[in-house]
Every structure is written in structure tokens, then in C-alpha cells.
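Student: Provided herewith is a single structure, encoded as C-alpha cells, for subsequent inquiry.
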Amino acid sequence: MYLLYRLRELGLHVRVFEAGTGVGGTWYWNRYPGARFDSESYSYGYSFSQELLDEWDWTEHFASQPEIERYLNYVADKFDLRPDIRFSSRVDSAAYDEDNHCWTVVLGDGSRHRSRFMITALGPLSAPTMPRFEGVQDFEGQSFHTGLWPKQSIDFEGKRVAVIGTGASGIQAIQEVAKAAGHLTVFQRRPNWCTPLHNRRIEKEEMDRIRAGYPELFQRCRETAACFVHTVDPRGTFEVTDEERNAFWEELYAGPGFGIWQGNFRDMLVDREANRLISDFVADKIRERVNDPRIAEMLIPKDHGFGTRRVPQETHYYEVYNQPNVKLVSMLEAPVERITASGLETSEADYEFDIIIYATGFDAVTGSFDRIDITGVDGRKLKESWRSGPTTFVGVMVDGFPNMFMVMGPHAALGNNPRSIEYNVEWVRDLIGYMTGRELTVADARPEAVAQWNDFVRQKAEGLLSNEIDSWMTGVNMNVAGKQTRRLVRYSGTAPEYRERCDEIAAEGYRELSFT
Ligand code: NAP
């Protein structure tokens, strides 16, 4: 949406293809119960329009999906974006035409669209994946994937419900579904470390104060490592006394959002001993909150330390397991063997359900690209080029795919994503403006520049404990063929470093690109 807004300013004719029937992307598809921001609402909205900042009031520090979707619709209407968006339009393929220097995009309905530039805004978490269980189609009750949730409301009242998967989506759904379900069974493979969100309402006076502080807030997000309001504490875990350390962690645990993950001691994610200490601290919190010690132990991760996978944010999640209508099943002890017409079978028991919720995640980062047949010069396929991991130039370009630009592509800065989206969009806008201003038709990344960027990405990943762990952030998805081993899909340096590099490239006239 922001890209459309900025490209229109250049006087370009822009057409956006969108698979959904409405705007919102992630916040359109992920409408499962409990879906909400894990970033502070006001740090996650667009920053580019003072009018928009003046007009929009957030009602919660961490807004829920319906409010976020309303916001994105408000943005679409305010800037009159819809006339240039073609909804219900899934892209099947895109091929570069070397003779005419343009892209041909083919939609699901067979229609063909030609353009000088093709820009992807596919999102790193937008290709939902189902577990490869036998019998998924046989289930006669209702079943849903969190990332493809239907628009109609689902009635859980008194129903027997299963949730499979305990990542950020599963955790948000579980704590909400547990309120209404007659009985909820949670099927957990590897537990995650979850910490309290501490959400609250924002009253009018508080929103006015937040609004008055927007310039400082966005400036802070520009300076922090991952564009959140929280950032690494400069102290090392062992540079403070035991009492100071504990007091700091208590404060973080009682504080809102990602503070405990993003605002912790600087060595937490690189020093094994430091990581063990914070893991012990959070494990004790779980033990305090779950009545049954056996269940508490099942919920405490044993295979990875705190923060080395994405930390789901929760509201009374652990207390859900104290409710009489909730049961936790470990799929490590009793794997699901098949889905049946009436429920599912594990190696130990048969279960009957009215509703099964698959919170089984996404073919992350490259999955949404793999689902489109993208062909560059000499018939080169993007999917093949990226088989053992993506290679990009600053996460925006791929050599051999001229005039294809990516917003939030692999190896761009992740974190509080809208901040990175705005930066990526402006960088692409400036590059296209540079080209049109000089009558340059085609831009391609030089292979040596791609190699250099990949070396930089590799160097930034060194020594990080998170890169030793299987998760979507390391390119692993056990449900997708060829994605069982870790790949370097993510840039793990800081956002300010990323932007510094990209700014330099632009200031020096894009020497890393070849133009014709
Ligand atoms: P996820 O973190 O990848 O979690 C998927 C879950 O499903 C894991 O618990 C996984 O277990 C389990 N699973 C997958 N396949 C399975 C199988 N075949 N058998 C048993 N268990 C299986 O996906 P997600 O929860 O959708 O979250 C993905 C990302 O989306 C998050 O990390 C976050 O970045 C983003 N997100 C953001 C928000 C927010 O900001 N508010 C909310 C939701 C999601 P294993 O761990 O054992 O593989």
C-alpha cells in the first residue's frame, strides 16, 4: 500500500495484484481469535503521513486484528488506493522478457499483465503450511489454519477443540479459544519460551500524549537494532550483581511487549552462560504460573535457550493449563499418527473433536516466492536459484532478475516490520526515480555485489545462538520438502547498519548495479 502511494508520486502507472478480497496482507489473512500486535500499536503504524498520525487513535497498546484491519482499510480509503489494486488476483507466474525489457505477470484467471518494473511485497510469513499428517482431508468437523482463517465468526461455545502447534499464532489462539471451548486439547511438539504482553487500553488523554511524542518515537525506532521501541541493554549479564540482574529481569518480565527479548543484556543471545541464566529465570516463572509441575515441565523448552526462537507474547497463556477444560499433549511423547473423520490418533490415544485448528506456521521468507513461477534472464528460475538458500543484493534485488525489486525480501532487515517496509519502499522509489530521471531502462544487480552482500549477511549471522536452532528464522520447515536443514534466510545484523549500507549505495550512484 505504501509502495503504491509512493510510486504514484513518481507519476508511474501502478497496478497492485492482491490474492485477498481486501487490503491488509498478514492482518487480512490472520484473523484467528486472539490475533493481535506484539509490537506497540503506535510504533507499528505508518509514519509517513502527519495527517494520518493526527487522525488515527489506537485503542490498545497492542491492537487486535479487527482494529488493525480497520486501520489498514482507513489508510486505503484515505489515500484512495483501491482503484489501483486488483483484488482476488493471485499471481501464478512472472517472466522477464529480455527482448522488450519488461515483465509479464500471469494471474490465476489466465490474464497477462506487462510492466517495466515488477516489485514484490509478498511478506516473509504469508505461505501457510499444513502438517503432512495422513487423513487431513478425512476430518468431518470444521478445521482451519490460523493463517487462512475464514471471515465468518466461529462458535467455540461448548465445542471440543484441538489446537496443533504452539508458535506465536497457536499461543494467541489457545488463550482465546480456552475461554469458550467446552474442551480444548493442545498438541505441542517443541515448546516455546513465552513472556507476558501486558496489554492495556489507551484512553484519549494517553493517545494525545503518544501522538505528541511521535517524532521521538519514530526517531527511537530508527536507532534501535530491530526498529522496536525496545533495544539491547549495553550491560553484560555478568557485569551486574545477582540482585541487580534479578531486579532487572523482574522489571522486564513485568513490562510490556518485547522488552525482555529485545531490551535484555547485550550478551543474552551470544553467550551460552548468559542465555542459560535468563532461560532459568523464565523457566521458574512458568513453574510459578502452572499448578501441575509435570505440565509446567512440558511447557519449558529444553532444546533451545530463551530468545533464540521468536518469543511469543502471551496473556494468561500459562494459566490456561490450570483450567479443567484444557489438556496438553506432547507430540514429542505421543506423535500424531493420523487425522480421522472424527478427530485424530496419536501413538497413545484416540481423540474426538468438533474443530481442529492448525497453528502450524508458514513456509517462511522464500515460500511465498516459491509459490510463483518466477523466471529471469536465460530462463533462470528464482526457486532453483534459491534452493539452498536465497541470495540477494540488500534483500531488494537478485542478479539475473532485472527490474525485479523486493520489499521485505530475504536478507532485508526484519523486526518491527512496518519501519523496514517504509525504508525499503523509499529506497526502491528512489532507485526507480534515479532510473527514470536518466532514461535508464533496466537495472540488474552485479553478481559480485550479490556475493558481497551475502558474505556480509553470513558474517552478521556468526556467533548468534539463534542461528544454531531450527525455526522459520533459520529457514527450517519440516512440512516442506527441501527445507529440513538450516539456511541463511534472514539478515541478522542491525537495522541501522542495514540502512547505512543502503544509503551509501544510493549516495554513490548505485555502482553495484548495472544499468542499460
Ligand atoms: P511457527 O512459529 O512456525 O509455529 C508453528 C507451530 O506448529 C510450532 O509449534 C511447530 O512445532 C508446530 N508444527 C508445525 N508442523 C507440525 C507438525 N507437522 N507436527 C507437529 N507440530 C507442528 O508459526 P506461527 O505460530 O504461525 O508463527 C510464525 C511467525 O509469525 C511468528 O514467529 C511471528 O514472527 C509471526 N507472528 C506474529 C504475530 C504477532 O506479531 N502478533 C502473531 C503470530 C505470528 P515445532 O516448533 O516443533 O516445529
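The values are calculated or read from the model by the stated rules, or taken from the named source; none is laboratory data. Everything quoted here is computed from the prediction, not taken from an experiment. Cβ placement follows ideal geometry from the backbone for every residue including glycine, while neighbour counts extend to all protein chains displayed. Side chains included, ligands, DNA and RNA excluded: accessible areas come from the protein's heavy atoms. Shrake-Rupley method; radii C 1.70, N 1.55, O 1.52, S 1.80 Å.
Student: Quick one: helix 65-78 against the long Cα principal axis of the chain, what's the angle to the nearest 10°, folded into 0 to 90?
Tutor: 20
Student: With the other protein chains left in place, how much accessible area per residue, in square angstrom, belongs to the chain at a 1.4 angstrom probe?
Tutor: 43
Student: Could you quote the convex hull projected area for the stretch 78-194, Cα atoms only and averaged over all directions, in nm²?
Tutor: Spelled out: convex hull of the Cα atoms, projected over all directions, averaged, 12.3 nm².
Student: Same structure again: Which whole-number percent is the relative contact order of the stretch 217-287 (Cα, under 8 Å, 6+ apart)?
Tutor: Dividing the mean separation by the residue count of the stretch 217-287 yields 30 percent.
Student: Which of the chymotrypsin sites (Phe, Trp or Tyr not before Pro) found in the stretch 72-152 are in a DSSP loop and have at most 12 neighbouring Cβ atoms, other than their own, within 10 Å?
Tutor: On the way: sites: 74, 79, 87, 96, 103, 117, 133, 139, 144; in loops: 79, 87, 117, 133, 139.
Qualifying residues, ordered by number: none.
Student: Report ³J(HN,Hα) in whole Hz for each residue of the stretch 445-455, in order, from the Karplus equation J = 6.51 cos²θ - 1.76 cosθ + 1.60 where θ = phi - 60°; Gly and Pro get x.
Tutor: Ordered by residue, 3J(HN,Hα) equals 7, 6, x, 5, 6, 5, 4, 5, 5, 5, 4 Hz.
Student: Another question about this same structure. Quick one: accessible surface of residue 316, probe radius 1.4 Å, all protein chains present, in square angstrom to the nearest 10.
Tutor: Roughly 120 Å² of residue 316 is accessible to a 1.4 Å probe.
Student: Taking Cα atoms, how many degrees apart are the long axis of helix 168-180 and the longest axis of the chain, rounded to 10 and kept between 0 and 90?
Tutor: Value to nearest ten degrees: 50.
Student: For residue 332 paired with residue 380, estimate the spin-label separation in nm (one decimal), with each label point 7 Å from Cα along the Cα-to-Cβ line.
Tutor: A separation of 4.2 nm, rounded to one decimal place.
Student: Sticking with this one: Could you grab the relative contact order for the chain? Cα pairs under 8 Å, six or more apart, rounded to a whole percent.
Tutor: Values: 949 pairs, mean separation 105.8, N = 516.
Reported relative contact order: 21 percent.
Student: Ok, one more. Suppose the chain between residue 273 and residue 93 were pulled fully straight at 0.36 nm per residue; how much longer would it get relative to their current alpha carbon spacing?
Tutor: Values: separation 180, 0.36 × 180 = 64.80 nm, distance 4.83 nm.
Gain on stretching residue 273 to residue 93: 60.0 nm.
Student: Further question on the same structure: Using helices alone, what [θ] at 222 nm do you get for the chain, with -39,500 (n - 2.57) per DSSP H run of 4 or more residues, divided over all residues and rounded to the nearest 500?
Tutor: Value at 222 nm, helices only: -9500 deg cm²/dmol.
Student: I need the calculated FRET efficiency for the pair residue 59 and residue 436, taking r as the beta carbon distance and R₀ as 41 Å, to the nearest 0.05. Before the final figure, lay out the partial values.
Tutor: Details: r = 42 Å, r/R0 = 1.01.
Efficiency, from the Cβ-Cβ distance: 0.50.
Student: Leaving ligands, DNA and RNA out of it, work out the accessible area of residue 440 with a 1.4 Å probe and give it in Å² to the nearest 10.
Tutor: Residue 440 has an accessible surface of roughly 40 Å² with all protein chains in place.
Student: Helix 272-289: angle to the longest alpha-carbon principal axis of the chain, degrees 0 to 90, nearest 10?
Tutor: 50
Student: In whole percent, and with a 1.4 Å probe on the protein chains, what portion of the accessible area of the stretch 248-355 is carbon and sulfur? Mind showing how you got there, number by number?
Tutor: On the way: 2270 of 4620 Å².
The nonpolar share, carbon plus sulfur, comes to 49 percent.
Student: With r as the distance between the Cβ atoms of residue 511 and residue 144 and R0 = 41 Å, compute the FRET efficiency 1/(1 + (r/R0)^6) and round to 0.05.
Tutor: So, using R0 = 41 Å, E works out to roughly 0.25.
Student: Could I ask something else about it? Within 14 Å, Cβ to Cβ, of residue 232, how many net charges do the neighbouring residues add up to if Lys/Arg are +1 and Asp/Glu are -1?
Tutor: -3
Student: Further question on the same structure: Tell me which GluC sites (Glu not before Pro) from the stretch 458-516 have a DSSP coil assignment and no more than 12 other beta carbons within 10 Å of their own.
Tutor: 462, 508
Student: Another question, then. Which percent, nearest 5, of DSSP beta bridges in the chain are antiparallel?
Tutor: DSSP beta bridges in the chain are roughly 45 percent antiparallel.
Student: Let me know the number of lysine pairs in the chain closer than 18 Å at the Cα, not counting same-chain pairs under 8 apart.
Tutor: 6
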